[in-house]
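A short worksheet on the structure shown next.
The values are calculated or read from the model by the stated rules, or taken from the named source; none is laboratory data. Nothing here was measured: the structure is a model prediction, and the numbers come from that model. We place every Cβ from the backbone using ideal geometry, glycine too, and count neighbours over all the protein chains shown. The area values use the complete protein model at the heavy-atom level, side chains included, leaving out ligands, DNA and RNA. Shrake-Rupley method; radii C 1.70, N 1.55, O 1.52, S 1.80 Å.
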Amino acid sequence: MNFEALAQRYGTPLYVYDFDRIRERYERLKEAFAGTKSMIAYAVKANSNLSVIRFLARLGAGADCVSVGEVLRARKAGIEPYRIIFSGVGKRDDEIERALKEEILFLNLESEAEMERVEAIARRLGREARISIRVNPNVDPKTHPYISTGLHENKFGVSLDTAKRMYIRAKNSPHLDPVGIHFHIGSQLTDLEPIREAAGIVADLVRSLAAIGVEIRFFDVGGGLGVVYRDETPIDPADYAAAIKEAIRGLDLTIVCEPGRYLVAEAGWLVTRVLYEKRNGDKRFVIVDGAMNDLLRPSLYDAWHGVRFLPADKEERGAASEAEIVGPVCESGDWLAKGIALPPTRPGDLIVIEGAGAYGFVMASNYNTRPRAAEVACEGGRCRLIRDRENFEDLIRLEEAYLEDDDDA
Ligand code: LLP
């Protein structure tokens, strides 16, 4: 990837994605599920650029969405309604209504109250809502507490008992069609055992539902496959798929999985330029033009992202020493990397942050009135813009009209 040429052409900070790598990931996972009915529903939240979604759509992916906005993005990008799932712990009435009218594959429900709401809306629309219930299997996924979701202490899903009650109720309702079951125990998972355990628990629930006449067709195993940010050993997709196939042995189910990070994280970079260096006491700071508003993961989760220092003459720069890479935002928490060995830098040097393809741009904000970065996609050696850099006008567009006259002027 020629980051220097891209930075010159499109400016920095800049998000760059490698679509060939996304394809490789998609195909590896799809291949792992060969021999069973399966659908890969890309978790749009990880990177919802329309061109990214369209690329995955053309490979055959469906979409896992968590807002009506994401559903509409998926539709716009060309994903068929019957490949779209709508999940999330708090859906508004208008979102439920729109999803039903779009005739998506199913809504993933996370509480009894939500099911009642969906039933009422479906009744009003004279429809039958295809639903799935998110079960919380209460297993510890052994990941960061902010992205761990499969324990009862989390807000996600319902207990096995509640789920069973909900399925019986749904089966008896003319406006609900319980077609799926869902679990998602966390994100950035690097240990297969909790997934195997959860899949086993949920498959047993499917068996006991079948015994009382509730026939589930979709076994939605969520997302969560971890990637390498530093020195993690990721789960092999083949082992992952084998564990799930084993858990549902004897059942006639379509496996749905919802990977986000696995498909896009390692296919994206945040390209920044050095503004200055400074020292405060013993501490060396390299200040770059990208910041926490562009890539929030370090500030929010203490996340580690790899760093590439790219100047052509870096070998001639002298001895490396430890530095913290920080952005211009007025927050002490605004950092992109800590404890990084870097040779002396100069203004304009390129520093590229790795692993930024997932939960990067999508979590960006305009804090400090910083326009969000442009995004570029590369495929087969050719790169193209897939989102313009925002400008000041974009940022004030929704406020300008309300500006009161200045009496003093
Ligand atoms: N399905 C459900 C129900 C989810 O909640 C998530 C992620 C996914 C699928 C996709 O998970 P993945 O395959 O990407 O691990 N912002 C955080 C990650 C939040 C994940 C939330 N749910 C981060 O930057 O690490």
Spin-label proximity, residue 89 to the range 184-204 - amide N less than 17 Å from point 7 Å beyond Cα toward beta carbon: 184-188
Residues with amide H under 5 Å from that of residue 129, placed H, sequence gap 5 or more: 176, 177
Alpha carbon centroid spacing (whole Å) that separates the range 336-401 from the range 22-91: 24 Å
C-alpha center-to-center spacing [the range 312-331, the range 169-244] in angstrom: 43 Å
All aspartates and glutamates inside 15 Å of residue 283 as judged from Cα atoms, apart from same-chain residues fewer than 8 positions distant: 322, 324
Residue 48 long-range amide H proximity, modeled H, under 5 Å: 362
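Ranked from highest to lowest mean number of other Cβ atoms within 10 Å per residue, what is the order of the peptides 258-264, 51-57? Can you show the working numbers first?
Working: 258-264: 28.1, 51-57: 22.7.
The most tightly packed comes first, giving 258-264, 51-57.
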Helix 237-247 vs. the chain, principal-axis angle (Cα, 0 to 90°, nearest 10): 20 degrees
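Between residue 232 and residue 103, what length comes free when the chain is fully extended (0.36 nm per residue of separation minus the Cα-Cα distance, one decimal in nm)? Please list the in-between numbers first.
Working: separation 129, 0.36 × 129 = 46.44 nm, distance 3.97 nm.
Extra length from residue 232 to residue 103 when fully extended: 42.5 nm.
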Extension gain, residue 239 back to residue 301 (0.36 nm per residue minus Cα-Cα distance, nm): 19.5 nm
Among 166, 74, 39 the positive-end extreme of the charge dipole of the range 33-259 (Cβ point charges): 74
In degrees, nearest ten, helix 160-171 long axis to first principal axis of the chain (Cα): 60 degrees
Cut-off 14 Å, label 7 Å out along Cα→Cβ of residue 215, residues of the range 233-257 by amide N: 251-254
Per residue accessible area of the chain, 1.4 Å probe, in Å²: 45 Å²
Dipole of the chain, positive direction: furthest Cα of 335, 274, 183, with charges on the beta-carbon: 183
Between helix 112-125 and the chain: long-axis angle, C-alpha atoms, 0 to 90°, nearest 10: 80 degrees
³J(HN,Hα) computed for each position of the range 365-377 - Karplus, 6.51 cos²θ - 1.76 cosθ + 1.60, integer Hz, glycine/proline x: 9, 9, 3, 6, 6, 9, x, 6, 5, 7, 10, 10, 10
For the chain: relative contact order, % (alpha-carbon pairs under 8 angstrom, 6 or more apart): 18 percent
Two-site label geometry, residue 204 and residue 391: point separation in nm, points 7 Å out along Cα→Cβ: 6.2 nm
Built amide H within the under 5 Å cut-off of residue 356, gap 5+: 268, 269, 270
Estimated dipole of the range 281-321 in Debye, rounded to 20 [Cβ of Lys and Arg +1, of Asp and Glu -1, Cα centre]: 100 debye
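Under a point-charge model restricted to the Cβ atoms of Lys and Arg (+1) and Asp and Glu (-1), what is the dipole moment magnitude of the chain relative to its Cα centre, in debye to the nearest 20?
Details: 55 positive and 66 negative charges, 264 e Å.
So the dipole magnitude of the chain works out to roughly 1260 debye.
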Qualifying lysines (Cα of each under 22 Å from Cα of residue 76; at least 8 residues distant if same chain): 45, 91, 101
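Which chymotrypsin sites (Phe, Trp or Tyr not before Pro) in the range 338-398 pass both tests, a DSSP loop state and at most 13 other beta-carbon atoms within 10 Å? The partial results should precede the final answer.
Values: sites: 359, 361, 367, 392; in loops: 359.
When the chymotrypsin sites (Phe, Trp or Tyr not before Pro) of the range 338-398 are filtered for loop state and at most 13 Cβ neighbours within 10 Å, nothing remains.
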Phi-based couplings in Hz for the range 93-106 (Karplus 6.51, -1.76, 1.60; Gly and Pro marked x): 3, 5, 6, 4, 4, 5, 4, 5, 5, 6, 6, 5, 4, 6
Net charge dipole size for the range 33-259 [Lys, Arg +1 and Asp, Glu -1 on Cβ; Debye, nearest 20]: 720 debye
